[in-house]
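Data first, discussion second: the structure below is written as structure tokens.
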Amino acid sequence: MSQESDEPFVVPLGREFDLHTFRPQEVKSAVEEYLIEARRLGFEQVRIIHGKGIGFQRDVVRKVLAATPFVAEFGDDVNGNRGATWATLK
């Protein structure tokens with residue numbers, strides 16, 4: 001039998017961030033927080049998976065990346081995959 005804890009569940013942060021579990025209104029803040037933490041951990045390049053869909057999440061991700069001073073560059077994933085965006089951090 002396990003006890004419930006009031007402690008938050010911590011998920012290890014990696015170089016890939018999948019937005020499929022976030023609601024549309026959470027995407028902007030989730031990406032902003034992810035980028036801050038990824039930079040703190042010393043990641044030089046990250047991959048943000050936003051899906052292809054109608055492009056809403058992709059647009060939000062690109063706007064956040066463009067507005068983040070420590071993002072050196074970003075673009076479509078390997079082979080032009082429009083379901084994910086890579087970013088290089090300074």
**Request:** Please build a GNM for the chain, connecting alpha carbons under 10 Å apart, and tell me which residue among Phe74, Phe43, Phe22 fluctuates the most.
**Result:** Phe22
**Request:** Rounded to the nearest Å, what's the spacing between the alpha carbon centres of segment 15-68 and segment 71-85? Just the number, please.
**Result:** 12
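Rounded if a/c is under 1.5, else prolate if a/b is larger than b/c, else oblate: which is the chain, with a ≥ b ≥ c the root eigenvalues of its Cα gyration tensor?
Prolate, because a/c is 1.5 or more and a/b exceeds b/c.
Can you put Leu19, Leu13, Leu41 in order, fewest other beta carbons within 10 Å first? Kindly include the intermediate steps, with their values, before the conclusion.
On the way: Leu19 21, Leu13 15, Leu41 12.
The most exposed by this proxy come first: Leu41, Leu13, Leu19.
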**Request:** Would you mind computing, in nm to one decimal, how far apart the modelled labels at Glu44 and Asp76 are, each placed 7 Å from Cα along Cα→Cβ?
**Result:** 2.6
**Distance between modelled label sites at Phe22 and Ala66, nm, 7 Å Cα→Cβ extension** = 1.8
**Asked** Could you name the lysines in cross-link range of Lys52, using Cα to Cα under 19 Å and dropping any fewer than eight places away on the same chain?
**Response** Lys28, Lys63
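Would you tally the net charge around Arg47, using a Cβ to Cβ cut-off of less than 10 Å, leaving Arg47 out, and scoring K and R as +1, D and E as -1? Walk me through the numbers before you get to the answer.
Numbers: positive: Arg15; negative: Glu16, Asp18, Asp77.
Around Arg47, the charge tally is -2.
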**Asked** Helix 27-40 versus the longest principal axis of the chain: what is the Cα-based angle in degrees, 0 to 90, to the nearest 10?
**Response** 90
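Taken together, the values in this text are just the output of simple stated rules run on the coordinates, not laboratory data. None of these values were measured; they are calculated from a predicted model. Every residue, glycine as well, gets a Cβ built from its backbone with ideal geometry; the counts of neighbours run over all protein chains shown.
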